[in-house]
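Undergrad: One structure is given below, represented as structure tokens, and several questions about it will come after.
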Amino acid sequence: MNGRVVFIGAGPGAADLITLRGARLLATADVVLFDALTDPALRDFAPGARWVHVGKRGFSASTGQATINALLVKHASEVDVVVRLKGGDPSVFGRLEEELEALADAGIECEIVPGVTAAIAAAAATQRPLTRRGHGRSVSLTTAMTRTGAVHASHTADTEVFYMAGKQLCALSRRLIESGWPSDSPACAVSRAGWPDQLHSDHTIATLPRASLLHAGRPTIVTVGAGARALRATAQRNPIDASETCAEPLKP
Ligand code: SAH
């Protein structure tokens, strides 16, 4: 008889950004398969569970997706409740479809608990609403990094939020301009949003590469367009000015 798998969005950072439902279900776990970007303090919610790290960062050394799928199926056949704890929201750039399909193929029951995705955490960190009445009617979530390493950018929404952009800010800036964004459009970079050491810096699309050094090695969200503009009330606050430039070549 199989157990079940509960996918839980841990939120973007500090453990208290998990939802109440997520915390309650986490407490029922026998086994927790957790990601690199989740807070170790979440262990306090399920101290008796077996915690298995299956972290992934970018496309570097990590537990392969096939291994994660196999681990989910294996553990679900051995215990009652397996929690798959994912950073942010499980449905946003979390390879959720592959894991759901593997479990469906094995006839294992699943539930998904949503979490606060990084785009929303970055908006909160900077007090920049993602939608703006009258001129910010649409928001798009895009991964800046494709499987081939090519950088992807677009101009399809009033506010564009780019995940996995940290290493690619020079290329992203150029691609955004090629996609039709005016080079003086606002761009805001936020790293480790929701953590006590979160950082943000303000730029235009043309000066976005200057954010590279400040946010190096940290999970980073880049917001462009309407939702990146500082509010009048908060514009006085002086965000960090990352004055280093980036000389990375544009990847094909
Ligand atoms: N499922 C996650 C996203 C996973 S992809 C979510 O919903 O947030 C990993 C990317 O998310 C990172 O490369 C980074 O771009 C972004 N990210 C995750 N946590 C972040 C944080 N606390 N601050 C800024 N960006 C973050």
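The values are calculated or read from the model by the stated rules, or taken from the named source; none is laboratory data. Bear in mind the structure is a predicted one, so any value in this text is a computation, not a measurement. For neighbour counting, all protein chains shown are included, and Cβ atoms are generated from backbone atoms with ideal geometry for every residue, glycine included. To get the accessible areas, we keep the full protein, side chains included, count just its heavy atoms, and leave off ligands, DNA and RNA. Shrake-Rupley method; radii C 1.70, N 1.55, O 1.52, S 1.80 Å.
Undergrad: Output the number of the condition that Thr143 fails; it satisfies all remaining conditions of (1) surrounded by fewer than 20 Cβ atoms within 10 Å (Cβ to Cβ); (2) touching a Leu at 6+ places or on another chain (Cβ under 7 Å).
TA: The single condition Thr143 does not satisfy is (2).
Undergrad: Let me ask another. Consider Arg210 carefully, then state whether it is open to solvent by 50 Å² or more (accessible area, probe 1.4 Å), on the phi > 0 side of the Ramachandran plot and either away from the ligand (no atom under 16 Å from the Cβ) or modelled with pLDDT of 95 or more (or both).
TA: No: the conditions fail for Arg210.
Undergrad: Let me ask something else about it. For Lys167, which of the numbered conditions (1) within 13 Å of the ligand (Cβ to nearest atom); (2) closer than 21 Å to Phe93 by Cα; (3) open to solvent by less than 50 Å² (accessible area, probe 1.4 Å); (4) not acidic (Asp, Glu) fails to hold?
TA: Here Lys167 clears every test but (3).
Undergrad: I've got another one for you. Between Gly64, Gly55, which is within 20 Å of Arg147 (Cβ to Cβ), within 21 Å of the chain's Cα centre (by Cα) and free of Cβ contacts under 8 Å to residues at least 12 places away in the same chain?
TA: Step by step, each of Gly64, Gly55 is checked, and only Gly64 is within 20 Å of Arg147 (Cβ to Cβ), within 21 Å of the chain's Cα centre (by Cα) and free of Cβ contacts under 8 Å to residues at least 12 places away in the same chain.
Undergrad: If you don't mind, another one. Based on this model, can you work out whether Pro182 counts as out of contact with any strand residue (DSSP E or B) (no Cβ under 9 Å at 6 or more places or on another chain), assigned by TED's automatic domain parsing to the domain that holds Leu130 and open to solvent by 20 Å² or more (accessible area, probe 1.4 Å)?
TA: So Pro182 fails the test.
Results for (1) surrounded by 15 or more Cβ atoms within 10 Å (Cβ to Cβ); (2) in contact (Cβ under 8 Å) with a residue 60 or more places away in the chain, shown as yes or no for each residue.
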{"site": "Ala41", "(1), (2)": "no, no"}
{"site": "Asp44", "(1), (2)": "no, no"}
{"site": "Ala70", "(1), (2)": "no, no"}
{"site": "Val73", "(1), (2)": "yes, no"}
{"site": "Ala76", "(1), (2)": "yes, yes"}
{"site": "Gly107", "(1), (2)": "no, yes"}
{"site": "Glu111", "(1), (2)": "no, yes"}
{"site": "Gln127", "(1), (2)": "no, yes"}
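Undergrad: Now for a different question. Would you call Val222 of a type in the set (A, V, I, L, M), in contact (Cβ under 8 Å) with a residue 60 or more places away in the chain, touching a His at 6+ places or on another chain (Cβ under 6 Å) and not in a helix (DSSP H, G or I)?
TA: no
Undergrad: Is it true that Ala226 is within 16 Å of the ligand (Cβ to nearest atom) and farther than 30 Å from Ala41 by Cβ?
TA: no
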